[in-house]
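S.K.: Quick one: the structure is below, and I'll ask about it shortly.
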Amino acid sequence: MKEPVSVLFLRESPEKFKMEEKREVEHEDVYILVDKIKEGDREAFMTLTRLYQKKVFLLAYSFFRNREDALDIVQETFLRFYEKVRMFQRGKNFQNWFLQIAKNLCVDYYRKNYSKSKEWDRSKPIDEMNLPDQSSYDPLGSSDLREIISACLKKLAEKQRMIFVMRHYNQFKYREIAQILDISLGTAKSLHFKAVRNLRGLMAPYLGRQL
Amino acid sequence: MMDCKKIKKDLVAFLYGELREDEKELLKTHLEACPDCRKELQHMKEVIKGADSLQEDIEKAMASVDWEELPSRITEAVFAKEAPLPREPWLAGISRFFFQSKLRPAYAALLIGVLLGSFITFIVFRAPLPREVEAGNFLVSRDFLENVELEMARRETLNYLEESQYLLLDFIQSPSERSAEFWQSEFVSQKARGILARKKYISPQLDKFKMAKAKAICDQIEYLFYELVQISAQLSEEEVSKIQNMIEEKKLLLKIKLLKKELEQSEV
């Protein structure tokens, strides 16, 4: 009955979904690229796009769970980046600075396009959740874990969702998340904890029934 | 347990490998002894498992994007929008300072100010302009003005001479014994006074235009009238007829006639 603790700890690390550009680009190389972009170098810009496009897409897609929105965010992020590139100074962490742009765009985009529809589809699932017994009519009830987590993620508060997505899918460390979101390490950690705890709370009714 | 609350808060960080070694050890030890926290850990793991279940979906979305084509498309879009390439760094710095979007309201205000200013200037300074044009009608050459004055002097003199002529003619033809009556009569005295006043006006004109001959004759007429008006009452018949003769002798009327002719001919 008592499981060995070590088994509980072992969670398959989400290595399967790593970026193609696994090797960390050396800071100096990025600085040189950015310097060239500041001078209007198209090739350098394209190189940088190749390096970071997937990170932005992954962040935006896991946040919105919509391919077209994510692609919009990717393009918009690079456009904004080019507008702001002269403000970037050597010594800063480029990736964190860059992803801050992406994250801000995601939040703005979300507030502009999702807040209303969120209210709308929040009202429905809540009604449905009140009837957990009629599993055959519950769109979430019969579906697998994937749909449950997807629906629950959407109900998370904006910041918690962003942190969860960053930590889980982008696999950023708390330290990086703190820099990108411009919050303290402790805040990042506790927001992540709250996100997971709230997700668990949201998932509970479905998981309980599944078991 | 005492530190369950703190431990639970660390569970998520633990699952994500964000705990320091010592923290990890502490947590493991606690979990060994605390079924409650182990259960909580299990719940957290379910969430993570659920989140992992989305990986496939994300991978599919990632695979659906053409990553080779996207950079060139983005670059195209970005550089089409930001067409002009940045210039030399220092120049770029300066122009960036002057063309930063923050300054746009200031530039707009400046432009409005300049437009408003020039409009007001236009309104204020436009008014005198037509007046100048009107005044321009009087801005004629000195020569023309002098000619006008000369012409006026000539006409005045002509009138003066004519009136004097008629009066003298009347005087000469009137009987000498009634001279006092003649000069005292309302009509004649008024006429004489008018002639004298006119003389006052024309004499500076005649001086100015150096019409010496005309001036001499006019002066003679003036003295004559002056005397006649003043003293006619005390003059005897003889004296009056003497004056009449003198006027005839001196051919004053003829002179007047000639002068008139001369003046008429010299019309400007």
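S.K.: Of the residues that sit in region B:216-261 and are exposed (fewer than 14 other Cβ atoms within 10 Å of the Cβ) and among the acidic types (Asp, Glu), which one is nearest to B:Arg198 (Cα to Cα)?
M.R.: B:Asp219
S.K.: Taking the conditions exactly as written (in the same structural domain as B:Leu253 (by TED's automatic domain parsing), open to solvent by less than 100 Å² (accessible area, probe 1.4 Å) and at pLDDT below 85), does B:Glu146 satisfy them or not? First the steps, then the outcome.
M.R.: Details: in the same structural domain as B:Leu253 (by TED's automatic domain parsing): yes; open to solvent by less than 100 Å² (accessible area, probe 1.4 Å): yes; at pLDDT below 85: yes.
Judged against the criteria, B:Glu146 is a match.
S.K.: In the list B:Ala212, B:Ala192, which residue meets the criterion of being small (Gly, Ala, Ser) and open to solvent by 40 Å² or more (accessible area, probe 1.4 Å)?
M.R.: Sole residue among the options that is small (Gly, Ala, Ser) and open to solvent by 40 Å² or more (accessible area, probe 1.4 Å): B:Ala212.
A quick yes/no check of all residues on (1) at the interface with chain B (Cβ under 7 Å from one of its Cβ atoms); (2) open to solvent by less than 50 Å² (accessible area, probe 1.4 Å); (3) in contact (Cβ under 8 Å) with a residue 40 or more places away in the chain:
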{"residue": "A:Glu147", "(1), (2), (3)": "no, no, no"}
{"residue": "A:Met162", "(1), (2), (3)": "no, yes, yes"}
{"residue": "A:Val165", "(1), (2), (3)": "no, yes, yes"}
{"residue": "A:Asn170", "(1), (2), (3)": "no, yes, yes"}
{"residue": "A:Arg175", "(1), (2), (3)": "no, no, no"}
{"residue": "A:Ala178", "(1), (2), (3)": "no, yes, no"}
{"residue": "A:Leu181", "(1), (2), (3)": "no, yes, yes"}
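S.K.: Only one of (1) open to solvent by less than 50 Å² (accessible area, probe 1.4 Å); (2) modelled with pLDDT of 90 or more is not met by A:Arg67, so which one is it?
M.R.: The failed condition is (1).
S.K.: Going by what's in this entry, would A:Ile101 be described as in contact with a Leu (Cβ under 6 Å, 6 or more places away or on another chain), within 14 Å of chain B (Cβ to nearest Cβ) and either modelled with pLDDT of 50 or more or surrounded by fewer than 19 Cβ atoms within 10 Å (Cβ to Cβ) (or both)? Steps first, please.
M.R.: Values: in contact with a Leu (Cβ under 6 Å, 6 or more places away or on another chain): no; within 14 Å of chain B (Cβ to nearest Cβ): yes; either modelled with pLDDT of 50 or more or surrounded by fewer than 19 Cβ atoms within 10 Å (Cβ to Cβ) (or both): yes.
No.
S.K.: Scan the helices (runs of 4 or more DSSP H) fully inside region A:141-193 and keep the ones with 2 or more residues being more than 24 Å from B:Lys6 (Cβ to Cβ) and of a type in the set (D, E, K, R). Lay out the reasoning, then the answer.
M.R.: On the way: elements: A:145-155, A:158-168, A:174-181.
Ranges flagged: A:145-155, A:158-168.
S.K.: Only one of (1) out of contact with any helix residue (DSSP H, G or I) (no Cβ under 7 Å at 6 or more places or on another chain); (2) open to solvent by 70 Å² or more (accessible area, probe 1.4 Å); (3) part of a helix (DSSP H, G or I) is not met by B:Lys9, so which one is it?
M.R.: The single condition B:Lys9 does not satisfy is (1).
S.K.: Please state which of the following conditions B:Cys4 fails to meet, knowing it meets all the rest: (1) open to solvent by 50 Å² or more (accessible area, probe 1.4 Å); (2) more than 9 Å from chain A (Cβ to nearest Cβ); (3) more than 60 Å from the chain's Cα centre (by Cα).
M.R.: (1)
S.K.: Please indicate, with yes or no, whether at least one residue in region B:49-59 is in contact (Cβ under 8 Å) with a residue 24 or more places away in the chain and out of contact with any Asp or Glu (no Cβ under 7 Å at 6 or more places or on another chain).
M.R.: So in region B:49-59, the residues in contact (Cβ under 8 Å) with a residue 24 or more places away in the chain come out as none.
No, that holds for no residue.
S.K.: Now a separate question. Based on this model, can you work out whether B:Arg198 counts as in contact with an Asp or Glu (Cβ under 9 Å, 6 or more places away or on another chain), farther than 15 Å from B:Leu259 by Cα, open to solvent by 20 Å² or more (accessible area, probe 1.4 Å) and modelled with pLDDT of 80 or more? Working first, answer last.
M.R.: Details: in contact with an Asp or Glu (Cβ under 9 Å, 6 or more places away or on another chain): yes; farther than 15 Å from B:Leu259 by Cα: yes; open to solvent by 20 Å² or more (accessible area, probe 1.4 Å): yes; modelled with pLDDT of 80 or more: yes.
Yes.
S.K.: From the list B:Ser236, B:Ser189, B:Ser266, exactly one residue is modelled with pLDDT of 75 or more and among the small types (Gly, Ala, Ser). Which is it? Give the steps one after another, and end with the answer.
M.R.: Values: B:Ser236 fails: modelled with pLDDT of 75 or more; B:Ser266 fails: modelled with pLDDT of 75 or more.
Just one listed residue meets the conditions, B:Ser189.
S.K.: If you check every pair at least six apart or on different chains, which have Cβ atoms under 7 Å apart with a residue in region A:45-59 that is open to solvent by 10 Å² or more (accessible area, probe 1.4 Å) first and a residue that is polar (S, T, N, Q) second?
M.R.: Close Cβ pairs satisfying both conditions: A:Met46/B:Ser72; A:Met46/B:Thr75; A:Lys55/A:Asn170.
S.K.: Would it be correct to say that B:Leu11 is more than 30 Å from A:Arg175 (Cβ to Cβ) and out of contact with any Pro (no Cβ under 6 Å at 6 or more places or on another chain)?
M.R.: Values: more than 30 Å from A:Arg175 (Cβ to Cβ): no; out of contact with any Pro (no Cβ under 6 Å at 6 or more places or on another chain): yes.
Spelling it out, it is not the case that B:Leu11 is more than 30 Å from A:Arg175 (Cβ to Cβ) and out of contact with any Pro (no Cβ under 6 Å at 6 or more places or on another chain).
S.K.: Another one. If I go through region A:82-97 residue by residue, how many of them are over 16 Å from B:Gly93 (Cβ atoms), assigned to a helix (DSSP H, G or I) and touching a residue at least 24 places away in the same chain (Cβ under 8 Å)?
M.R.: Adding up the residues that qualify gives 4.
S.K.: Provide a single number: the residues in region B:21-45 that are charged (D, E, K, R) and over 20 Å from A:Lys194 (Cα atoms).
M.R.: Initially, region B:21-45 is screened for residues charged (D, E, K, R), giving B:21-25, B:28, B:32, B:36, B:38-40, B:45.
Add one more test, that the residue is over 20 Å from A:Lys194 (Cα atoms), and what stays is B:21-22, B:25, B:28, B:32.
Here the count works out to 5.
S.K.: Here is a follow-up. Which of the numbered conditions does B:Gly117 fail, given that it passes all the others? Conditions: (1) modelled with pLDDT under 80; (2) open to solvent by less than 100 Å² (accessible area, probe 1.4 Å).
M.R.: So B:Gly117 meets the others, but not (1).
The values are calculated or read from the model by the stated rules, or taken from the named source; none is laboratory data. Note that the structure is a prediction, hence the values are computed from the model and not measured. So basically every Cβ, Gly included, is an ideal-geometry build from the backbone, and we count neighbours across all protein chains shown. To get the accessible areas, we keep the full protein, side chains included, count just its heavy atoms, and leave off ligands, DNA and RNA. Shrake-Rupley method; radii C 1.70, N 1.55, O 1.52, S 1.80 Å.
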